[in-house]
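Reading through the structure tokens given below for one structure.
The values are calculated or read from the model by the stated rules, or taken from the named source; none is laboratory data. Just so you know, these numbers come straight off a predicted model, no measurement behind them. As a convention, Cβ positions derive from the backbone with ideal geometry for all residues, glycine included, and neighbour counts pool all protein chains shown.
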Amino acid sequence: MSFLVLDQLTRRFGDHAAVDALSLAVERGEFVSLLGPSGCGKTTTLQMIAGFVVPTSGAIRLENHDLHSVHPSQRGLGIVFQSYALFPHLTVAENVAFGLQMRKIARAECQLRVTETLKLVGLDGFAERYPRRMSGGQQQRVALARALVIRPSILLLDEPLSNLDAKLREEMQIELRQIQRASGTTTILVTHDQAEAMALSDRIVVMNKGRVEQIAAPHEAYENPATPFVANFLGKTNLLEADGLGDTVRIGGSRWTIKQPLTGRLRATIRPERIKFAEPNPNNIGGIVKTRIFQGNHWLYQIETTAGLLTVIHPNSGAAPFRETDTVHLTWGASDMALRVEAAGSHAQ
Amino acid sequence: MTAADQETSKIIGYALVAPATLLFVAIVLIPLAMTAVLSFNEWGQYSGIQSVITLKNWQEVITDGYYLEVFARTLRIALLVTLITAILGAPEAYILHRMSAPWKGIFLLVILGPLLISVVARTLGWALLFGGNSGVVNKALMNLGVIATPIPFMFTELGVIVALSHVLVPFMVLSVWASLQRLDPQIENAAVSLGAKQPTVLARIVLPQILPGLLSGAIIVFALAASAFASPAIIGGRRLKVAATLAYDEFLNTLNWPLGAVVAVLLLVGLMAIIVGTNRLVERRYAEVFR
């Protein structure tokens with residue numbers, strides 16, 4: 001039995017299903033991200049686990065124990081809110097100690113645990129500060145310490161890094177992962193940032209319009225997206241029409257040999273970094289560079305080809321790059337693309 | 001910017017504030033100064049006001065127990081009204097804050113509505129409700145079995161306090177509501193998730209954060225209650241005097257303007273001292289909440 005089980009969890013607001021029959025099993029110590037665009041139901045799901053939103057139907061079970069009738073204050077979950085929701089009239093130490101005081105923990109132990117947790121999040125020496133006198137990143141750490149100090153069974157993170165600037169966000173991602181590993185706390189992160197979800201989690205749950213699109217390890221979902229939505233949401237991708245001819249597949253004028261025979265109309269997904277520039281060759285796809293953007297460690301090309309407009313990422317190797325209007329030839333291996341039979345009106349594989 | 005430029009912009013600045021400053025001086029400072037000067041003038045039953053400087057009026061007000069009683073009553077009424085409006089207004093504002101979309105607007109209007117009606121009209125309404133031993137309020141309370149004999153409301157401090165509390169409670173609600181608007185909407189959930197029950201959330205998280213609103217509301221209500229004229233005049237009548245009605249009577253009935261001026265100046269100075277003092281104390285104590 002898994003640690004936390006969401007069973008056919010549904011929440012309706014009027015006719016609109018914010019979360020529709022979501023099922024998920026989370027193991028102890030696992031880091032799971034709920035990923036999706038705004039309005040996909042990820043925050044509602046988190047609020048249902050926290051107990052602030054009552055599910056319309058379905059069940060939430062923690063260690064095989066139904067949480068339905070457990071008041072939010074008794075669930076023992078640690079939550080980091082998007083706005084941090086720190087108590088501005090209390091010092092950092094008092095903020096962190098609040099949850100321990102509610103648990104009637106003796107003053108001496110309380111003090112010890114507050115100091116210990118502040119050290120864990122790198123805030124020793126800030127105990128007597130007031131939150132409004134701290135930077136966004138520091139406030140974020142206070143919120144994390146306040147949630148961790150109660151030794152929660154699950155840590156819920158609601159877009160915790162979205163208010164930080166890009167550089168600080170990356171630093172906090174690394175730190176968050178280290179802290180989570182060190183404390184071993186089962187964690188559920190809600191985010192709309194695919195890079196953040198992939199960087200932090202053991203598994204990601206990609207959601208769209210209240211439904212789960214795919215549950216997989218980040219690498220797996222990136223390489224083998226279950227639906228075009230997942231493919232698009234997890235970074236840049238090329239979606240091409242292809243024809244299955246049994247042992248071979250044809251895109252534009254080129255052919256690839258495939259292991260599992262496919263026939264009919266197919267949809268091919270190729271990540272931009274898998275496409276290589278090649279010598280002119282009848283089996284390579286020819287095209288003209290339309291735009292070229294320098295992005296530091298790589299060049300981003302848009303290339304007009306016979307198979308359609310392709311996005312190509314080429315590492316910045318120091319060599320002279322192609323220019324706009326240059327004629328180029330592209331190639332990729334059969335294993336670099338994910339192929340799916342295109343069923344009418346559905347995204348099913 | 002050169003020194004000359006700075007000088008010019010300074011002059012332009014003064015020129016721009018000049019009209020408002022002149023208006024303020026003409027309609028506030030000059031009458032106030034004249035009232036203060038008036039309080040030191042001599043007054044006689046037959047001779048009227050004489051422009052000689054004397055401390056006689058001040059001596060009379062400070063030494064005569066009658067005036068002390070009036071000021072004590074004013075302070076007592078103002079403090080009780082402030083307390084009652086805080087006890088009623090703060091929860092009212094919190095409930096309003098927690099209401100959802102259509103009702104919030106409707107009830108905000110219900111709370112603000114009375115402010116659109118003249119204080120005199122509202123107080124006369126209370127006079128009708130109180131109206132002697134068989135008034136509506138007394139009848140209702142007796143029929144409900146709350147009291148056995150009628151409570152005298154008219155011409156008593158109790159009546160004045162009830163009427164003033166009703167008149168002034170919207171100011172408290174608005175002030176507290178404004179500070180509730182600044183509360184992080186997730187902060188109560190944060191406290192709950194850490195194991196706090198609702199009463200603890202209110203006492204330890206919400207209340208400390210709305211204290212600034214509660215205190216500025218208290219200052220507004222206290223100042224308005226201490227200087228209120230219409231409600232004490234109608235409910236309290238001519239005998240149960242407060243500072244404002246006392247000053248009015250000295251000016252317009254006894255025609256002893258200098259004595260009235262002393263009462264007015266004392267009321268103003270007393271109010272200012274209390275308000276500034278409280279404000280200082282509170283701002284120092286709750287510096288973090290005010291940021």
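One table, with the values for the structure above:
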{"read-out": "Test: B:Gln209 is within 9 Å of another protein chain (Cβ to nearest Cβ), touching a Leu at 6+ places or on another chain (Cβ under 8 Å) and closer than 20 Å to A:Leu86 by Cα", "value": "yes"}
{"read-out": "Residue tally, condition out of contact with any helix residue (DSSP H, G or I) (no Cβ under 6 Å at 6 or more places or on another chain), of a type outside the set (Lys, Arg) and surrounded by 18 or more Cβ atoms within 10 Å (Cβ to Cβ), over segment A:202-214", "value": "3"}
{"read-out": "Criterion violated by B:Met172 - all others in (1) at pLDDT below 90; (2) more than 12 Å from every other protein chain (Cβ to nearest Cβ) satisfied", "value": "(1)"}
{"read-out": "Single condition B:Val61 does not satisfy, out of (1) part of a helix (DSSP H, G or I); (2) without any contact (Cβ under 8 Å) to a residue 12 or more places away in the chain; (3) not polar (S, T, N, Q)", "value": "(2)"}
{"read-out": "Pair list, Cβ under 7 Å, 6 or more apart: segment B:176-187 residue closer than 10 Å to A:Phe81 by Cβ and within 12 Å of chain A (Cβ to nearest Cβ), other residue modelled with pLDDT of 90 or more and in a helix (DSSP H, G or I)", "value": "B:Ile187/B:Ile205"}
{"read-out": "Residues located in segment A:154-171, provided they are away from chain B (no Cβ under 12 Å) and surrounded by 15 or more Cβ atoms within 10 Å (Cβ to Cβ)", "value": "A:Leu157, A:Pro160, A:Leu161, A:Asn163, A:Leu164, A:Leu168, A:Arg169, A:Glu170"}
{"read-out": "In segment B:152-193, residue nearest to the chain's Cα centre (by Cα) [restricted to those that are in a helix (DSSP H, G or I) and among the polar types (S, T, N, Q)]", "value": "B:Ser165"}
{"read-out": "Qualifying residue in segment A:121-139 (condition: in a helix (DSSP H, G or I), under 19 Å from A:Gly76 (Cβ atoms) and free of Cβ contacts under 8 Å to residues at least 60 places away in the same chain)", "value": "no"}
{"read-out": "Out of B:Val37, B:Val52, sole residue that is more than 30 Å from B:Phe171 (Cα to Cα) and exposed (fewer than 11 other Cβ atoms within 10 Å of the Cβ)", "value": "B:Val52"}
{"read-out": "Answer residue from segment A:88-111, given it is within 10 Å of chain B (Cβ to nearest Cβ) and among the basic types (Lys, Arg) and is surrounded by the fewest Cβ atoms within 10 Å (Cβ to Cβ) among those", "value": "A:Lys104"}
{"read-out": "B:Leu23 in a helix (DSSP H, G or I) and surrounded by 11 or more Cβ atoms within 10 Å (Cβ to Cβ)", "value": "no"}
{"read-out": "Counted residues, segment A:112-129 - those being charged (D, E, K, R), in contact with a helix residue (DSSP H, G or I) (Cβ under 7 Å, 6 or more places away or on another chain) and more than 12 Å from chain B (Cβ to nearest Cβ)", "value": "2"}
{"read-out": "Tally of residues being surrounded by 18 or more Cβ atoms within 10 Å (Cβ to Cβ) and either acidic (Asp, Glu) or more than 10 Å from chain B (Cβ to nearest Cβ) (or both) across segment A:54-87", "value": "5"}
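Table: residues versus (1) within 14 Å of chain A (Cβ to nearest Cβ); (2) free of Cβ contacts under 8 Å to residues at least 24 places away in the same chain; (3) on the phi > 0 side of the Ramachandran plot.
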position	(1), (2), (3)
B:Ile205	yes, yes, no
B:Ile219	no, no, no
B:Arg238	no, yes, no
B:Ala243	no, no, no
B:Phe251	no, yes, no
B:Ala264	no, no, no
B:Asn279	no, no, no
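Every residue, every condition in (1) over 19 Å from A:Glu241 (Cα atoms); (2) surrounded by fewer than 14 Cβ atoms within 10 Å (Cβ to Cβ); (3) among the charged types (D, E, K, R); (4) touching a Ser or Thr at 6+ places or on another chain (Cβ under 8 Å), yes or no:
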{"site": "A:Ile275", "(1), (2), (3), (4)": "no, no, no, yes"}
{"site": "A:Gly286", "(1), (2), (3), (4)": "no, no, no, yes"}
{"site": "A:Val289", "(1), (2), (3), (4)": "yes, no, no, yes"}
{"site": "A:Trp299", "(1), (2), (3), (4)": "yes, no, no, no"}
{"site": "A:Leu309", "(1), (2), (3), (4)": "no, yes, no, no"}
{"site": "A:His314", "(1), (2), (3), (4)": "yes, no, no, no"}
{"site": "A:Thr325", "(1), (2), (3), (4)": "yes, yes, no, no"}
{"site": "A:Leu330", "(1), (2), (3), (4)": "no, no, no, yes"}
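Residues checked against (1) part of a helix (DSSP H, G or I); (2) within 14 Å of chain A (Cβ to nearest Cβ); (3) in contact (Cβ under 8 Å) with a residue 12 or more places away in the chain; (4) in contact with an Asp or Glu (Cβ under 7 Å, 6 or more places away or on another chain):
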site	(1), (2), (3), (4)
B:Ala93	yes, no, yes, no
B:His97	yes, no, yes, no
B:Trp103	yes, no, no, no
B:Ile106	yes, no, no, no
B:Trp126	yes, no, yes, no
B:Met142	yes, no, no, no
B:Pro150	no, no, yes, no
B:Gly195	no, yes, no, no
